[in-house]
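Beneath this line is the structure, given in structure tokens, with notes to follow.
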Amino acid sequence: MYDVIIKAGGRIYKIQAEQGQNLMHLIRKANININSICNGNGTCGKCKVRILSGYLPDASENELARLGSDAVEAGFRFSCSYSIVSDIEVLLENSSVQAQIVTEGRHRTTTLLPIVSKENVILQKPDLSCQKADFERVTGNASSMELQNIQLLRMIPELIRESGYNITLVKAGTHLLGVEAGNTIDNLYGAAFDIGTTTIAAYLFKFTDGKRLCVHSDLNPQRIFGADIISRIKHTIDEKDGLQEMHTLIINEINSCINAMCEKANIERTGIYAVTFAGNTTMLHFLLNISASNIASAPFIPAVTSMLNIGAKELGIEINACGIACVLPSVSAYIGADTVGAVLSTGMYRQEEISLLIDIGTNGEIVLGNNDNLYACSSAAGPAFEGAGIRNGIGSVEGAITGISLHSGIQITTIGDTSPIGICGTGIVDAAAQMLETGLIDETGRFNENWQPTSEENSCIAERLSVIDGIKALQISRDIAITQKDIRELQNAKAAIAAGINVLVKQAGISFDDIKNVYLAGGFGSFINVNSALKISLLPGELTGKVTACGNAAGAGAIMALISKASFKRLEAIKEKTTYIELSGNNDFVDFYIESMMF
């Protein structure tokens, strides 16, 4: 056995390791946060650690290419490819950075009609002239009330007598969920969740007045098994208990969010009677502990896309024992309940005007249409928009560069206004637009070898142009650079989104002039510089002046379903009227993709 000392997030961990044990797996088992976008396949370079003492193997060609010679000489290696053969001391940087998670989203005013309601009833006491059975006495009309839990029936006789026949019914439509002693109608709360691939947003509401009490957000703990859903599905296939692992991680995080919100609102968990969930189709399969393996390969068939109402207790969600969990409907394997919820909250499904909804992440979900028809596709943009695949890429965390200006030297903005630790998706889009505008790169994305500064203000930029490990680059700061490879990664990502938009426009038989509203959803859409997105043709130029950021539109949809069950029929209608276009077999997509590679 060897002693492994890990320094991370201001803490020091001492762990015992066996001969040959993988360092990344050891860090995971110790519940220490480590970025592993590719789930240990050695392709992302984000699981790097610095070996402070102990065995330091020669760097592989892959490590040298992705980390750079300076980092390799400083002792950085991939933890996913490091086998422990001695006592070692390891530094894990940026393990406790604060993420910037978008929780606010615009949603339309809706009638307060919570999915769970309460009714206080004073029962007539039985006597020889009224010998009605206890259950019929409680429900008033047994034929109109459905009972799903036999245990509830068993407890009713004793409960109603001990309460002096003063009871409160807990109902979900015609379903009797519970019976409580006394008048408890004021103790009625619900929570809505948006389970993203990267982040989780949670919202707590009081059902009696529809007031939002608090919001909580965190990173999705499943990210340790990869940044994208395919990596996570692969883990559930490769590992015997992989699916259970994914399910347990998300359920524990949900319960953690519930506990945090209840503490902040000063209520008990048992006061929550309903939770609603939006999320992509794979995240919801993991929530339900259902295999998503068939989503990962053609013909991409999910186990379920219907709206579901389930006992929360069955899933392990720690709210009231009779509480229910409502999972919003999906359209297909790659158009999930998050997109359906976003369509609901924007209201585009009921407008005569044609609207375009775009939610950009590892996959770009795109919906086009109006109250007549909706067309949707999912474009595999790759991880560049979330900072992965970029040399110094990072997610939307404190210290991430979100904006860049090259008009007066190099000026940057970071999340939290702190020292830069990397560059996130909005930053790389901004950088490319600025580099294109100043002529540092041409419309093909190639670095201009003959570039000369056009003003005294940006003359210092010339000093920042360099070659890093044989690749042309612009040095943003001492440790952060944008390379020619980064620009190519961005071109691939933006071409996929732009091509997807073009496919839907052609499918709908319209022109870009017919589109009146463009909704950018999610964190990327909330922080992106729209002008930069237009400059690099991520968004077609014809959409100038039509773009609106709508924040966490998926979360807003989950909220609407929570506080108004009238949304259920609308969600089902959106699902039914949406035509999904599979891009992997679409010839137009390939043509549009090639055309969209140019800036």
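Please treat every number below as a calculation from the coordinates, not as lab data. Worth saying up front: this structure is predicted, and the values here are computed from it rather than measured. Quick reminder, even Gly has a Cβ in these numbers, built from the backbone with ideal geometry, and neighbours come from all protein chains shown.
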Notebook entry, point to check: Considering only DSSP beta bridges with both partners in the chain, what is the antiparallel share in %, to the nearest 5?
Noted result: 70 percent
Item checked: Mean Cβ neighbour count within 10 Å, used as a protection proxy, ranking 423-433, 589-599 highest first -> 423-433, 589-599
Check: With charges set only on the Cβ (+1 for Lys and Arg, -1 for Asp and Glu), what does the dipole of the chain come to about its Cα centre, in debye to the nearest 20?
Finding: 1260 debye
Notebook entry, point to check: Using θ = phi - 60° and the Karplus form 6.51 cos²θ - 1.76 cosθ + 1.60, what ³J(HN,Hα) does each residue of the range 13-19 get, whole Hz, x for Gly and Pro?
Noted result: 10, 10, 10, 8, 10, 8, 4
Note to self: Run the simple label-point estimate for Asp442 and Asp513 please: 7 Å along Cα→C-beta, distance reported in nm.
What the structure shows: 3.3 nm
Note to self: Suppose R0 equals 56 Å. What FRET efficiency, 1/(1 + (r/R0)^6) with r the Cβ-Cβ distance, do Thr579 and Leu128 give to the nearest 0.05?
What the structure shows: 0.30
Item checked: Ser291-Lys569 FRET efficiency (beta carbon distance; Förster radius 41 Å; 0.05 resolution) -> 0.85
Item checked: Among 576-582, 390-396, 535-541, the order from most to least packed when residues are scored by Cβ within 10 Å on average -> 390-396, 535-541, 576-582
Checklist line | Note, ³J(HN,Hα) from phi for the range 548-553, Karplus 6.51, -1.76, 1.60, rounded to Hz, x at Gly and Pro | finding: 9, 7, 10, x, 7, 5
Next item on the list: With a point put 7 Å past each Cα toward its Cβ, work out how far Thr544 is from Glu146 in nm, to one decimal.
Entry: 5.5 nm
Notebook entry, point to check: Given labels modelled 7 Å from the Cα in the Cβ direction, how far is it in nm from Gln19 to Glu353?
Noted result: 7.1 nm
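Going by how many other Cβ atoms sit within 10 Å of their own, how do Ser293, Ser83, Ser379 line up, fewest first? Write down the numbers at each step before the final one.
Values: Ser293 16, Ser83 12, Ser379 25.
In increasing order of surrounding Cβ atoms, one gets Ser83, Ser293, Ser379.
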Note to self: Output wanted: per-residue J couplings in Hz (rounded whole) for the range 534-540, from phi through Karplus 6.51 cos²θ - 1.76 cosθ + 1.60, θ = phi - 60°, x for Gly and Pro.
What the structure shows: 6, 4, 8, 6, 5, 10, x
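Taking all pairs of different Cα atoms in the range 509-599, averaging 1/r and flipping that mean, what Kirkwood radius in angstroms comes out?
It is 15.9 Å.
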Notebook entry, point to check: Hey, fewest Cβ within 10 Å first, where do Cys44, Cys38 land in order?
Noted result: Cys38, Cys44
Notebook entry, point to check: Isolated Cys in the chain by the 4.7 Å beta carbon test?
Noted result: Cys47, Cys80, Cys130, Cys214, Cys257, Cys262, Cys322, Cys326, Cys377, Cys424, Cys460, Cys550
Notebook entry, point to check: So for the range 393-482, what percent of the C-alpha to C-alpha distances run longer than 16 Å?
Noted result: 52 percent
Note to self: Per q in 0.05, 0.10 Å⁻¹, report the Debye log10 I(q)/I(0) for the chain, using one uniform scatterer on each alpha carbon and no solvent.
What the structure shows: -0.25, -0.91
Next item on the list: May I have the pair-distance distribution P(r) for the range 2-92, computed from all Cα-Cα distances with 5 Å bins from 0 and rounded to whole percent?
Entry: 3, 15, 28, 27, 19, 7, 0
Item checked: Sites Ser53 and Asn587 - FRET efficiency at Förster radius 56 Å, r taken between beta-carbons, to 0.05 -> 0.50
Checklist line | Protection proxy ranking, peptides 192-198, 50-56, 553-559, 509-515, average beta carbon neighbours within 10 Å, highest first | finding: 553-559, 192-198, 50-56, 509-515
Notebook entry, point to check: Expressed in nm to one decimal, what extension gain is obtained for the pair Ile310 and Lys29 from 0.36 nm per residue of sequence separation less their Cα-Cα distance?
Noted result: 98.0 nm
